[in-house]
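Reviewing the structure listed below.
The values are calculated or read from the model by the stated rules, or taken from the named source; none is laboratory data. Quick caveat, the model's predicted, so the values are computed rather than measured. A quick note on method: Cβ atoms are made from the backbone with ideal geometry, for glycine too, and the neighbour counts reach across all protein chains shown. Only protein heavy atoms, including side chains, enter the accessible area calculation; ligands, DNA and RNA are left aside. Shrake-Rupley method; radii C 1.70, N 1.55, O 1.52, S 1.80 Å.
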Amino acid sequence: MLMRKLMFAALCAMGLASMSAADAGAKGCDGLLFKDGDSIAFLGDSITQAGADPSGYITLFEKTITNLGIEHYTMYKKGRGGDTSKQMLERVDADVIAWKPTWTTFSCGVNDICYAARRQTLEQYQANVTAIFDKFDAIKTKVVVLTTTLLYETVENATLESYVGWLRAEAKRRGYLIAEVNEAMKAEAKALGATGRAPWKLTVDGTHMNDIGNRVMAWELLK
């Protein structure tokens, strides 16, 4: 049921609501941005790492594009727990640039403010992400920036907002596609009555997605 709903939502967003998955495949998915034969790298932290789990947002994305008739593609799932923008910059050459993927998704920010030992100031975050984006541009990969997920499901987080605001503006400046995960999670958190503390509504621990959180992320990426 979940995959049927998710696939129908994706079809609607892409102007293909009147087509079945079989029809979309027969027509070569001409209305989709992601094409048969494309490759995609997912660069991120533990949220991205968990996105490859059976109910994760990357798995939901993969199942949906397969249902839409895209059969030949390559995925590089490069989420690593605890990573800040600094650690992602250190490994982006090996984990993304070397593969020259058609598409790259970028999800980063929570760890930059979450861990005292690894904390990156806004200025450091900006420098790290700018360097990562410059590398993306050099290989002409098509980039989808996932705005940062909520920290402890707190809708109003002044520190995180400054990072998200800059990230969104920089992605727009470069002409990247933006998956508005942050805004979508805020809306869902309000709808579900999230309080910023346990019991969590979108995550299992205030940070990592539960099934609902993964569906929110998958939908924003699919759009």
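Give me the residue from region 138-185 that is open to solvent by 10 Å² or more (accessible area, probe 1.4 Å) and on the phi > 0 side of the Ramachandran plot and, out of that set, modelled with the lowest pLDDT.
152
Is it the case, given these coordinates, that residue 125 is hydroxyl-bearing (Ser, Thr, Tyr), under 24 Å from residue 56 (Cα atoms) and surrounded by 15 or more Cβ atoms within 10 Å (Cβ to Cβ)?
No; evaluated as a whole, the condition is false for this residue.
Condition check ((1) at pLDDT 55 or above; (2) crowded, with 23+ Cβ neighbours inside 10 Å; (3) β-branched (Val, Ile, Thr)) across all residues:
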{"residue": "2", "(1), (2), (3)": "no, no, no"}
{"residue": "6", "(1), (2), (3)": "no, no, no"}
{"residue": "13", "(1), (2), (3)": "no, no, no"}
{"residue": "28", "(1), (2), (3)": "no, no, no"}
{"residue": "39", "(1), (2), (3)": "yes, no, no"}
{"residue": "49", "(1), (2), (3)": "yes, no, no"}
{"residue": "56", "(1), (2), (3)": "yes, yes, no"}
{"residue": "61", "(1), (2), (3)": "yes, yes, no"}
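Quick one: what pairs do we get from region 107-128, first residue on the phi > 0 side of the Ramachandran plot, second at pLDDT 95 or above, C-beta under 6 Å, 6+ apart or different chains?
Listed pairs, sorted by first residue: 109/148; 109/163.
Tell me which of these residue 141 doesn't satisfy, since it passes every other one: (1) touching a residue at least 60 places away in the same chain (Cβ under 8 Å); (2) closer than 19 Å to residue 57 by Cα.
The failed condition is (2).
For the condition farther than 30 Å from residue 194 by Cβ and free of Cβ contacts under 8 Å to residues at least 24 places away in the same chain, what is the one hit in 158, 94, 169?
Being farther than 30 Å from residue 194 by Cβ and free of Cβ contacts under 8 Å to residues at least 24 places away in the same chain holds for just one of 158, 94, 169, which is 94.
Name the helices (runs of 4 or more DSSP H) wholly inside region 107-191 in which the number of residues that are under 15 Å from the mean Cα position of the chain (by Cα) is 3 or more.
Working: elements: 110-114, 122-139, 158-174.
Qualifying helices (runs of 4 or more DSSP H): 158-174.
Could you run through region 75-106 and say how many residues are polar (S, T, N, Q), farther than 15 Å from residue 144 by Cα and not in a loop (DSSP other than H, G, I, E, B)?
Going through region 75-106, the residues polar (S, T, N, Q) turn out to be 84-85, 87, 102, 104-105.
From what is left, the residues that are farther than 15 Å from residue 144 by Cα are 84-85, 87.
Narrowing the set further to residues that are not in a loop (DSSP other than H, G, I, E, B) leaves 85, 87.
Count: 2.
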